[in-house]
């Protein structure tokens with residue numbers, strides 16, 4: 001519980017810092033947002049005693065932009081990916097987070113995008129906003145839409161994959177062990193090691209639908225996660 005409250009304090013510090021530094025965000029060609037996100041993520045993981053074994057960094061083109069698609073095991077997924085994938089990263093996040101005073105405003109200013117999962121029209125507009133901003137930053141999305149409670153990969157939804165229709169590259173990512181760090185509905189943060197696998201980038205096929213793409217990504221990530229779970233049992 002102590003770690004949880006410490007995390008709240010650290011995130012609060014970085015939110016205030018980001019607001020103070022916002023004038024430099026535009027001057028940095030919006031790279032400052034990724035730097036703050038990465039630094040905050042590294043500090044959070046360090047304090048919680050979370051180590052990450054990363055594989056596949058050679059699949060990332062420096063300076064490139066991607067739609068990063070990952071399985072979703074825990075809230076810890078966000079700092080894990082933010083800290084260990086070297087991209088100017090933002091997150092497609094549920095709109096409820098943007099309602100948090102100050103925190104939500106900072107997210108909006110730094111080009112994080114709110115997704116209203118209950119309002120399709122609003123969600124499409126948000127995705128159109130993200131598409132324009134992908135000229136200078138990558139976006140992290142969890143196609144399952146919710147956290148897994150057992151570590152296994154759930155069904156991938158195709159909604160956020162609308163961003164792939166403009167030809168953007170998708171960077172598939174698999175996380176294993178994040179559910180052991182912070183379980184859904186639990187505030188007790190545990191130290192430990194997480195494995196992060198980065199697959200080669202892919203794109204939507206010429207005659208491939210978004211649903212078919214979602215199924216392809218789900219199979220790729222799920223097959224890897226299941227094989228790793230079986231191997232380490």
Qualifying positions in region 1-30 - over 13 Å from residue 43 (Cβ atoms) and modelled with pLDDT under 90:
1, 2, 4, 5, 26, 29
Restricting to region 1-31, count the residues that are under 24 Å from residue 65 (Cβ atoms), part of a helix (DSSP H, G or I) and in contact (Cβ under 8 Å) with a residue 24 or more places away in the chain.
5
Residue tally, condition outside any helix (DSSP H, G or I) and farther than 24 Å from residue 177 by Cβ, over region 203-233
7
Among (1) exposed (fewer than 14 other Cβ atoms within 10 Å of the Cβ); (2) in contact (Cβ under 8 Å) with a residue 24 or more places away in the chain; (3) closer than 26 Å to residue 229 by Cβ, where does residue 58 come up short?
(2)
Kindly evaluate residue 97 against the criterion of being at pLDDT 95 or above and surrounded by fewer than 23 Cβ atoms within 10 Å (Cβ to Cβ).
no
Does region 184-210 hold any residues that are farther than 30 Å from residue 135 by Cα, crowded, with 20+ Cβ neighbours inside 10 Å and within 18 Å of the chain's Cα centre (by Cα), and which are they?
194
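The values are calculated or read from the model by the stated rules, or taken from the named source; none is laboratory data. Everything numeric in this text was worked out from a predicted model, so none of it was measured. Glycine gets a Cβ as well: all are built from the backbone with ideal geometry, and neighbour counts include every protein chain shown.
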